Amino acid sequence: MCWSLKELIAPEPVQKQPVVAWGSAGSGGKEGAKIPDLSGEDWSSSQKNPPDVYEKLGTPQGLWTGGEMANPVPSACCVVLAVVVVVYAQRHSQQDSHTQYERVGADVTMKCGSMDWDAAVTWTANGTDIDESHLNGSYLILKNVDLSQSGQYSCYEGSSWHLKYQTYLKVGTPPKEPVLMCRSNNYPKGFYCSWHLPTPTYIPNTFNISVIHGTKDMVCEKDAVPKNRCHIRYLQLFSTVKYKVTLTVTNALGKNFTTLTFDEFAIVKPDPPESVVAKPVPNNPRRLEVSWQNPSSWPDPESFPLKFFLRYRPLILDQWQHVELSDGTSHTITDAYAGKEYIIQVAAKDNDIGTWSDWSVAVHATPWTEEPKHLTTEAQITETTSASTSSFMAPPTTKICDKGAVVGSGAVAVCWTAGLVVAAYSVLFI
C-alpha cells in the first residue's frame with residue numbers, strides 16, 4: 001500500500017479498525033482475514049518467532065516465505081515517498097527566520113542564510129522582487145534605511161525558488177531619556193508615578209521602575225490601564241526620608257533612564273474640583289453664584305481640608321480676576337459686567353502642603369438682565385403717534401381760506417391777496 005505526500009507529512013487521524021492481512025501467491029492465505037489486537041503481546045521475546053505469531057493470528061505464513069517481499073510494487077512506492085519526505089524536511093530545516101532591528105539611517109547587510117557569497121539568489125521585500133542593484137553576491141545591501149523599509153525580507157535559492165532565509169526587518173531608534181512624573185492625588189493613601197517617551201522609537205520598549213524609601217525597596221503596582229503608570233502605598237506618614245524613583249527604558253537598539261528624588265509633601269497635588277456650576281442671581285445684574293464639589297479622589301477632606309482658587313473673566317477680555325478661598329465650596333462674584341458672558345474655573349490645594357491642582361473644566365454664565373418692556377396700552381400708542389407726527393409739516397394747498405370763517409369784503413381781499421402771493425412764489429420755484 002502506498003500513501004500520498006500530503007498523508008505522510010500531515011496524516012489524518014485514523015479510527016481504530018480491524019487490520020486486513022494481504023496473502024501472497026502460494027501461501028494459502030485469504031484476503032480479508034482480521035488481525036486481533038496484539039498490543040499486549042511481547043513481540044521482542046526470543047520465544048516468539050514469526051511462525052508463532054502467525055499461528056496466534058490465524059494467518060498464513062506466506063508473507064515470510066523465502067524471506068522475500070510478497071508485493072514489491074507498493075513497498076517501492078512507499079520508499080520513494082519516504083525519500084521525498086526526507087528531502088522536503090531537510091530543505092525546510094535549512095530556512096532561518098527571525099526579527100532584525102536596525103537604526104534609522106544605518107546601512108544594513110543581510111546574508112542569505114548559509115548560502116555562499118557567489119550563490120545565485122533572489123531577494124524579495126514584502127513579496128516584491130528587489131532589484132539586483134541592491135545585491136553584493138548573495139548579500140542584500142540596504143543603504144541609509146528609513147521607517148518605510150521595515151517589513152519581511154526573504155531569500156530564495158536560484159531558479160528553484162527554494163526559500164533559504166527569511167527575516168522581519170524593524171527600523172527604529174534607541175530610546176531617549178524618559179519623562180517621569182510622580183504625584184499624590186489621594187493623600188495620605190499613597191502616590192503614583194507615570195511616564196512616557198519624548199519621541200517614539202517605532203519598535204517595542206520595555207520599562208522597569210524601582211522605588212526606594214531610604215534603604216527600603218517598595219513595590220510599585222502597575223495599572224492595567226493606562227499601562228505606563230503604577231501606584232505606591234505610603235508605609236509611613238509625615239516621613240522626612242526622601243523617595244527615590246528610577247525608571248529604565250530598554251529596546252533592541254539601546255536603553256536610557258531617569259531618576260526622581262523628592263519629599264513626601266512635595267508631590268501632593270489634588271485633582272481639580274468637580275461639578276462646577278455658575279448661575280445668575282435674580283434681580284442682581286452684576287452677580288454670579290458659583291458652586292463646586294471636592295474632587296472624588298481626595299479621600300478625607302475633613303482631616304485634610306482643601307482650599308480653592310477661583311478665576312473668572314468676561315469673554316470679551318483676556319485678563320482673569322482671581323479669588324482665593326480658605327474654606328467652603330461656593331462663592332458669589334459681585335463685580336461682573338452686566339449682560340456679559342463669563343468663563344469660570346476653580347483649582348484646589350491642600351491647606352498646608354503640596355501644589356495647586358489643574359484648573360477645572362470651564363463653565364459659562366451670564367449675569368441677570370431685566371427683560372425689555374413692550375408698549376401695549378391705547379394711551380401709549382396715541383402718545384407715540386402724536387410725538388412722531390408733531391414735527392411733520394403738511395404741504396401747502398390752494399385751500400388757503402375758509403369762506404365760512406371769513407366775513408366782509410376786506411377779509412375777501414386779504415384772502416385773495418394771500419392767494420396771489422402763494423401763486424407768485426410757486427411760479428418762482430418752478
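Could you figure out which of (1) more than 29 Å from N294 (Cβ to Cβ); (2) small (G, A, S); (3) at pLDDT 90 or above isn't true of G214?
It is condition (3) that G214 fails.
Test of understanding: among T355, T261, T334, which residue is open to solvent by 70 Å² or more (accessible area, probe 1.4 Å), of a type in the set (V, I, T), touching a strand residue (DSSP E or B) at 6+ places or on another chain (Cβ under 7 Å) and closer than 30 Å to L237 by Cβ?
T261
Quick grid of which residues meet (1) over 30 Å from K170 (Cβ atoms); (2) surrounded by 14 or more Cβ atoms within 10 Å (Cβ to Cβ):
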| residue | (1), (2) |
| --- | --- |
| E221 | yes, no |
| I232 | yes, yes |
| S239 | yes, yes |
| T250 | no, yes |
| P270 | yes, yes |
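Restricting the search to region 326-350, which residues are closer than 30 Å to A266 by Cα and at pLDDT below 95?
Scanning region 326-350 gives S326, D327, G328.
So which of S210, S239, S194 ends up being more than 18 Å from the chain's Cα centre (by Cα), part of a strand (DSSP E or B) and among the small types (G, A, S)?
Answer to the selection: S210.
Anything in region 112-129 that is under 13 Å from C155 (Cβ atoms) and either of a type in the set (S, T, N, Q) or surrounded by 17 or more Cβ atoms within 10 Å (Cβ to Cβ) (or both)? List them, or say none.
Result: C112, G113, S114, M115, V121, T122, W123, T124, A125.
When region 181-203 is examined, which residues are found to be more than 22 Å from A252 (Cβ to Cβ) and open to solvent by 10 Å² or more (accessible area, probe 1.4 Å)?
Across region 181-203, the qualifying residues are M181, C182, R183, N185, N186, P188, K189, Y192, S194.
The values are calculated or read from the model by the stated rules, or taken from the named source; none is laboratory data. Only a predicted model underlies this, so the values are computations on that prediction, with no experimental measurement involved. Please note: Cβ atoms are built from the backbone with ideal geometry, for glycine as well, and neighbour counts cover all protein chains shown. Note: accessible area is taken over every heavy atom of the protein model, side chains too, but ligands, DNA and RNA are not part of it. Shrake-Rupley method; radii C 1.70, N 1.55, O 1.52, S 1.80 Å.
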